[in-house]
Structures are given as structure tokens and as C-alpha cells.
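The values are calculated or read from the model by the stated rules, or taken from the named source; none is laboratory data. Since the model is a prediction, treat every value here as computed from it, not as a measurement. Cβ sites come from the backbone with ideal geometry, for glycine too, and all protein chains shown count toward neighbours. For accessibility, only protein heavy atoms count, side chains too; no ligands or nucleic acids. Shrake-Rupley method; radii C 1.70, N 1.55, O 1.52, S 1.80 Å.
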Amino acid sequence: MIAISEALDHLFALAPSLSTEELSLLQASGRVLAKDAVSTRDQPPFAASAMDGYAIAAAEARPGARFAVIGESAAGHRFDGAVSSGQAVRIFTGAPVPVGADRVIIQEDVVRQNDMIQLRDNLDSGMHIRPAAGDFKAGSRLKAPRRLRPEDIALLASMNVAKVTVARQPNVALISTGDELVMPGETPGPDQIIASNTLGLHALLRNLGAAPRLLPIASDTRTSLAQTLDLAADADLIVTIGGASVGDHDLVAEVTAERGMERAFYKVAMRPGKPLMAGRLGAAMMLGLPGNPVSAMVCGHVFLAPVIRAMTGLPAQAAPRAAAPLAIDIAANGPREHYMRARLAPDGIAPFAAQDSALLHVLSQANALLVRPPRDRARKAGEMMEYISLGS
């Protein structure tokens, strides 16, 4: 067995680099920016009012001062003249500040009669002007690589960037193996169960920005598994679930070896998920996950997610961890790194009592994986422990 860190090093070495494509902003959310995006304009392109009010010369702003209103500046419709001494321009939020004005008096601080205004006694001290290029300048860059969030899409649009260069989505083939499996919605036989792992991993991969596809379940025959693997020939990454152990019906290692798989490792010192296999099969990277439902999903978060991120050009690094105080006492850990299903709450993090790798209802209730190092000592409530977030 190898350590988690060593397994990840092997996986990052196996992960292929993907080509890029150009997408419109409407298609780019969630994708990984592969090339810096460069602004073609300043934002704002002019000094703009931050409030509704009156634009005047700042040197003349004093309680009781009077000004003649000579025009109006609105968003999209600037005042083309200049402001001289004793003059003001009615101005609205986002409108260009006219020449000669360098302060906006908010309308609440003004008394207006016809085309004259008088400043009230309780003037605030704000200038209420957003400077030209105060947000960003022409030539400013949104740096790659980064996964594009909705907030980034808004920024790119403001930069007048209509298209971006992103990494191609990884083509991931998901293969469940085993005579005992049927798809959701089918009627299982007396000795069969529902294939859950591929559905959960498919959802995880979609959330990571990959393009996963479910292949037919491979039964426990060499012919069936070989035929299903043929359907994955164009994949960047082949993920098998189950059949990677050493039982009489576990055929993945044998069949893939016969097809020329270059194995990088087999078995990782972790709970759950020890029977993990990885290598290269033709042009594709291959990852063989354990068949137990929780084991497969935990390995998805610990190994598959970092691999997908690396394939799309993001840094090759382990799943991010945070730390929280324990909410309860926990016993000492065994010889393997343990990823315990846990619940993170305001009072701390607590692993569930039941940690069997077949219990999906426990994983569904968990929002974190509490990480226990090998042979970690018993811990008391209040001690800080690392965890991997599973979201809310």
C-alpha cells in the first residue's frame, strides 16, 4: 500500500493536459480560464457620480451657498458644457461628471427653487464621485488559470471581453462492474442492488466542470468488460467502479492488463477506499475505484476531484482542507488514514458513529470528511482537526 500523497503524485503524473477552446461568456461559467483575459477599456470610462444630486466645484461647497442649475447629466446622456463658479448641474448616479465640477452634493442636502439651489447646513463630507478607471484600466487582466464564477463573468463583460479561452472539458467514461448491479428505475432480481456509485460520481464530475458519460454496466465476464472498455476508447479518463480487488469475480485488473494497461499503483493506505488502482490504458488515464458506495464517493473527493482540476489546468494539489474544533471525544485511529463522515456545525465537527463504507445515508447527512492521520492518538472535544468540505 502507498500513502495518499504518493498516490496523488502518481495521479498528477498520469493526468493528461487538455487542449483549449474559445467560448462566449454565456457558455463559460464554471469552465477553467486557460488564457488571460485582457480588458479593452477603462471602467468607469469617465469620472461618474456615485449619488443622485448636484455637481459643483468642491471649493464652493459651504452651508448656505447658492447655485444656478444650468443643465442635467444622466446615465448615457452627459452634460456637454462646463460648470463655472456659482453654477451646478443636476446629476444622477452613474452619469458623467461635467467639466469644472469635482464634487456631488447629494440631493438630500439641497433645497431647490426653480433653477436655483441652496446647500443645507448639514452637508456631509463625501465627494460622491467615482474616478475614471477606478475599477480597472484598459489592459487589466483576469489571470489564468481560474475556474470562472458568475462574478468573473460579470467582470469579463464589463471589460468588454465577449469570448474567453478555456480548457476543454475532460471526457470521463464511468463504468460500473458486477452482475449484482442494475440501473435506477429497473427492477432488481433477488440478489441484485441498484448501481449508485456512477450516478454520484457523474454528479461530482459535472460539478467539477468535466463531461462525464455513463457506459453500460459491465457484467462479471471478460467479454462484457472488454466490450464496455471499447466504448471508452475516446475518453481522457476511464473510471471503473468495483472489480478492482482480488476476488474471483474482480476482473478489472486482469482484463486491463491484457489490454496493455501500464499500472502506476494498486492499494492505498486509507479508509475507506484501500483497493484503488491507477495507470494508463492506451492514450487514456485510468482510475479503478472500489465498489463500496461510500468508498467510491470518498475516493471521488480525495482523488478524482484533484485529478480533474489538474487536467483543466488548475494547480495539481490535494483537495483543500480546513480545520475545526472537535465537538466530541474520538478514539485513536488505526494504521490507515481515515476519512470519517462528519457533520460540521457551529459548535465544531463530529464524526458519525456509523462509518461502514456501505452506508450511503450517513454520507448523505455528512457535510465534511474528518481526516485522521495514521495511528492518530485519541482526541478530546475542542482539539482542532482537519477536514475536507463536502458542501452544505
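With the contact rule set at Cα under 8 Å and sequence spacing of 6 or more, what percent relative contact order holds for segment 331-385?
51
Of the heavy-atom accessible surface of the chain (probe 1.4 angstrom), what whole percent is carbon and sulfur?
With neighbouring chains kept in place, the figure for the chain is 50 percent.
If you count only protein heavy atoms with a 1.4 Å probe, what accessible area per residue comes out for the chain, rounded to a whole Å²?
On a per-residue basis, the chain sits at 47 Å².
Of the labelled options (i) 132; (ii) 196; (iii) 144, which one gives volume of the Cα convex hull per residue in Å³ as computed for this structure?
(ii)
Give me the distance between the Cα centres of segment 184-231 and segment 1-66, rounded to whole Å.
What the calculation gives is 38 Å, centre to centre.
Comparing 379, 149, 78, which has the greatest mean-square fluctuation in the GNM of the chain with Cα pairs linked when under 10 Å apart?
Of 379, 149, 78, the most mobile in the Gaussian network model is 78.
Running a GNM on the chain with Cα contacts under 10 Å, which residue among 305, 59, 47 ends up with the highest mean-square fluctuation?
For the chain, modelled as a Gaussian network with Cα springs under 10 Å, the answer is 59.
Cα atoms only: what Rg and Dmax, in Å, come out for segment 131-264?
21.7, 73
Just to make sure I understand: if all protein chains stay in place, what is the order of 361, 202 by accessible area at 1.4 Å, largest first?
361, 202
Given 303, 345, 326, which one lies farthest toward the positive end of the charge dipole of segment 260-392, if we put +1 on the Cβ of every Lys and Arg and -1 on the Cβ of every Asp and Glu?
Toward the positive end, the furthest listed residue is 303.
Given a cut-off of under 8 Å on Cα pairs at least six residues apart, what relative contact order in percent is computed for segment 195-307?
Relative contact order for segment 195-307 comes out at 26 percent.
Rounded to a whole number, what is D in µm²/s for segment 230-389 from Stokes-Einstein with the Kirkwood radius over alpha-carbon pairs (37 °C, 0.692 mPa s)?
D = 194 µm²/s.
Would you tally the net charge around residue 30, using a Cβ to Cβ cut-off of less than 11 Å, leaving residue 30 out, and scoring K and R as +1, D and E as -1?
+3
Taking residue 35 as the anchor, which lysines have their alpha carbon closer than 18 Å to its alpha carbon, excluding any fewer than eight residues away along the same chain?
Within the straight-line cut-off, residue 35 pairs with 143, 163.
Given the options 300, 273, 100, which has the most mean-square fluctuation in a GNM of the chain, springs set between C-alpha atoms less than 10 angstrom apart?
Looking only at 300, 273, 100, the biggest GNM fluctuation is shown by 100.
So what is the relative contact order of segment 156-224, in percent, for Cα pairs below 8 Å that sit 6 or more residues apart?
Computed value for segment 156-224: 40 percent relative contact order.
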